[in-house]
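Written out below as structure tokens is the structure these notes cover.
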Amino acid sequence: MRLANEVFIVTGAQGGMGKETVNRFLEEGAFVAAIDLNVDGIEESDRLLPIAADLTKEDDVEKVFLMAIEKFKRIDGLINIAGIAQSATPIEEVSLADWEKIMCVNANAPFLTCRAAVPYMKKQGTGVIVNIASISMVRPRPGLNAYIASKGATVSLSQALAIELAEYGIRVNVVNPGPADTNMLGQFTSKGTDVEGMKETTFKKSVPMGRLINPNDIANSLVYLCSKEAAIVTGAIFNVDGGRGI
Ligand SMILES: NC(=O)c1ccc[n+]([C@@H]2O[C@H](COP(=O)([O-])OP(=O)(O)OC[C@H]3O[C@@H](n4cnc5c(N)ncnc54)[C@H](O)[C@@H]3O)[C@@H](O)[C@H]2O)c1
């Protein structure tokens, strides 16, 4: 049990990576508040608290932390997995509304959740935050302009917080997934693309190790970064990508 009795807030809990992460963290002995826009089908237990929230809304984020504290009494970690994709679009066709929506979910929400988590962690003198960005932020694909910018913001925020919070015993790291086998992957293609075909060709071929990343690969990296084994790891950008970023 590498996370025994520690309390984590995991966002994007209904998604491919989020679901797997919630399960892995429970297996490792953690208590988990599982957050998503809807939490239908996630059953509450002594160790698991599902909370429906739109993380782009300040009031919803506040509610998440109040409910988690009420049930579990402390917050040891925050894992920001929630995010939205961008369909590959030439920059001249990206509307301001599209840009703002992507920035709002992928950059504003991690800002709001980090801001809410830090006071609890400072009081405890310990804590860990992991924000999920994307390997496309290291090696961009054409047409993912707003998405990549939003993930760049998340990486910069994470590094800014890593230095700001080190003296309080709070670690902040980033995981950059490579192309992962979840619903989101198909949403990165341009409109009308054969998604399954593109998974087999473009996406798999872009990974030197020759396969898509599984949600479990991401969950395992998160267990490590949140465990005592990573006690001195902060400000790291951890590529879990089969070499896609090289
Ligand atoms: N799948 C990939 O190939 C890939 C690659 C690199 C990075 N990522 C990143 O990994 C993370 C997880 O992706 P995934 O593949 O599991 O995607 P997914 O679409 O399966 O899951 C994302 C989840 O985030 C939730 N969400 C979206 N907006 C929200 C909001 N405002 N409030 C609360 N929840 C919200 C969705 O409801 C969904 O359940 C994302 O941040 C994504 O950008 C994915």
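The values are calculated or read from the model by the stated rules, or taken from the named source; none is laboratory data. This is a predicted model, so every value here is computed, not measured. Don't worry about glycine lacking a Cβ; one is built from the backbone with ideal geometry, like all the others, and counts go over all protein chains shown. Keep in mind that these areas ignore ligands, DNA and RNA; they rest on the heavy atoms of the full protein, side chains included. Shrake-Rupley method; radii C 1.70, N 1.55, O 1.52, S 1.80 Å.
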Check on Met67, open to solvent by 30 Å² or more (accessible area, probe 1.4 Å) and either assigned to a loop (DSSP other than H, G, I, E, B) or among the aromatic types (Phe, Trp, Tyr) (or both): no
Given the conditions (1) open to solvent by less than 30 Å² (accessible area, probe 1.4 Å); (2) free of Cβ contacts under 8 Å to residues at least 24 places away in the same chain; (3) under 15 Å from the mean Cα position of the chain (by Cα), every one holds for Asp54 apart from (1)
Can you pull out every residue in segment 23-76 that is within 14 Å of the ligand (Cβ to nearest atom) and polar (S, T, N, Q)? Asn23, Asn38, Thr56
Looking for something within 16 Å of the ligand (Cβ to nearest atom), open to solvent by 30 Å² or more (accessible area, probe 1.4 Å), at pLDDT 95 or above and closer than 22 Å to Ala82 by Cβ - is there at least one such residue anywhere in segment 221-229? no
Residue satisfying all of: in segment 77-127; away from the ligand (no atom under 16 Å from the Cβ), out of contact with any Gly (no Cβ under 7 Å at 6 or more places or on another chain) and closer than 22 Å to Ala53 by Cβ; most open to solvent (accessible area, probe 1.4 Å) among these: Pro119
Among the residues of segment 148-185, which ones are part of a helix (DSSP H, G or I), away from the ligand (no atom under 16 Å from the Cβ) and open to solvent by 30 Å² or more (accessible area, probe 1.4 Å)? Gln159, Ala160, Ile163, Glu164, Ala166, Glu167, Tyr168
